[in-house]
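Heads up, the thing below is written out as structure tokens.
The values are calculated or read from the model by the stated rules, or taken from the named source; none is laboratory data. Because the structure is a prediction, the values reported are computed rather than measured. Cβ placement follows ideal geometry from the backbone for every residue including glycine, while neighbour counts extend to all protein chains displayed.
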Amino acid sequence: MRFTLRQIEVFLAIAQWENVSRAADSLAMSQSACSGALKDLERAYAAPLFDRLGKRLQLNDRGRLLRPKAQALLEQAKSFEGDLQGQQDVGQLKLGATLTIGNYLAVPMMNDFMAQAPAARVSLHVANTQAVVQGLLNYDYDVGLIEGDINHRDLILLPWRSDELVCFAAHGHPLTLQPKALDQDLINAAWILREQGSGTRQAFERAMQGLLPHLNIILELEHTEAIKRAVEAGMGIACLSRISLADAFARGTLAPIAVPQRDFSRRFYVALHKHKYTSPSVLQWLQLCGLSI
């Protein structure tokens, strides 16, 4: 073989950061050593892997084709090294989770995971569905926990658990006192919603099909807690996961609005990249979720 694992590490880091300096920092290398490793790899096979756009390096067609294979190769090598060192169990696990899952479900699960594997190094990045999916495609995460319906040829989507959105308002709001809010009531209300690109917004729009053009959306926010505070202040009504509202309903600061004519059910998913190596850490996480591949 005319390549080294270090060269593969450099190739993958530059593919992620699209910049030699940032890739070198992430690998604790000098910029010249990082650049030299990439040049040696490309020269050995007379195969440029990037298009040079100023200081930015963007994968070309060959580089995009080789990236998943390089990722799998490197992760298998790390797993092999762990076996040699007698560390056959779990190592690093990088999770990407959407806001509802990340804020209300993922941390207790991480606690359970680390109780089973005390030596594991687990990281969690919380963002909306669109950002988590992009992170998976960019190999930033080993596992994605998402609440939106996604269809991408490079992702495996495993149905995980059911969820339900709930319309709600501040305690004492007229709509919370009605046995049923009619569609016209929903049109007349002022709405505070999650941003476009979030799984919650996607599920809300699906449930409100036919009414969307008529809704009065006065505010879009990226965080569930900010939406809850705005509703508590009487700015309008909203719709979020029942999981995120349980405490506020129990305290009585917020109250549900009955909308039985609309289907607010949805599913949470565990998402994996088809071409990424399935490490022991990923397999153990899937087992914790009651899933297998």
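Six or more apart or on different chains, Cβ under 9 Å: which pairs go from a residue in segment 110-124 that's at pLDDT 95 or above to one that's of a type in the set (Gly, Ala, Ser) and buried (at least 17 other Cβ atoms within 10 Å of the Cβ)? Could you list them? Matching pairs, first to second residue: Leu124/Gly96; Leu124/Ala97; Leu124/Gly102; Leu124/Ala106. Identification of strands (runs of 3 or more DSSP E) wholly contained in segment 32-132 with 1 or more residues that are under 18 Å from Gly144 (Cα atoms) yields 92-97, 121-126. If you go through segment 200-227 and keep only what is touching a residue at least 40 places away in the same chain (Cβ under 8 Å) and touching a helix residue (DSSP H, G or I) at 6+ places or on another chain (Cβ under 6 Å), you end up with just Thr224.
Checked against the criterion of being within 12 Å of the chain's Cα centre (by Cα) and either touching a residue at least 60 places away in the same chain (Cβ under 8 Å) or outside any strand (DSSP E or B) (or both), the candidates Asp163, Asp140, Asp149 yield just one match: Asp140. Taken together, the criteria place Leu175 among residues that are touching a residue at least 60 places away in the same chain (Cβ under 8 Å), over 20 Å from the mean Cα position of the chain (by Cα) and farther than 30 Å from Trp17 by Cα. The test for being farther than 30 Å from Leu66 by Cβ, in contact with a strand residue (DSSP E or B) (Cβ under 7 Å, 6 or more places away or on another chain) and not acidic (Asp, Glu) holds for Thr200.
Listed by position, the strands (runs of 3 or more DSSP E) contained in segment 189-293 that have at least 3 residues being loosely packed, with under 14 Cβ neighbours inside 10 Å and on the phi < 0 side of the Ramachandran plot are 216-221.
Within the option set Asp40, Asp51, being without any contact (Cβ under 8 Å) to a residue 12 or more places away in the chain and farther than 16 Å from Tyr139 by Cβ holds for one residue only, Asp51.
Here the condition is being crowded, with 17+ Cβ neighbours inside 10 Å, small (Gly, Ala, Ser), over 12 Å from the mean Cα position of the chain (by Cα) and more than 24 Å from Pro260 (Cβ to Cβ); of Ala117, Ala170, it holds for Ala117 alone. I'm trying to understand the selection: among the residues of segment 18-37, which are closer than 15 Å to Asn138 by Cα and in contact with a helix residue (DSSP H, G or I) (Cβ under 6 Å, 6 or more places away or on another chain)? Within segment 18-37, Ala23 is the sole residue that qualifies. Do the conditions hold for Ile146, that is, is it of a type in the set (A, V, I, L, M) and either at pLDDT below 95 or crowded, with 19+ Cβ neighbours inside 10 Å (or both)? Answer is yes for this residue.
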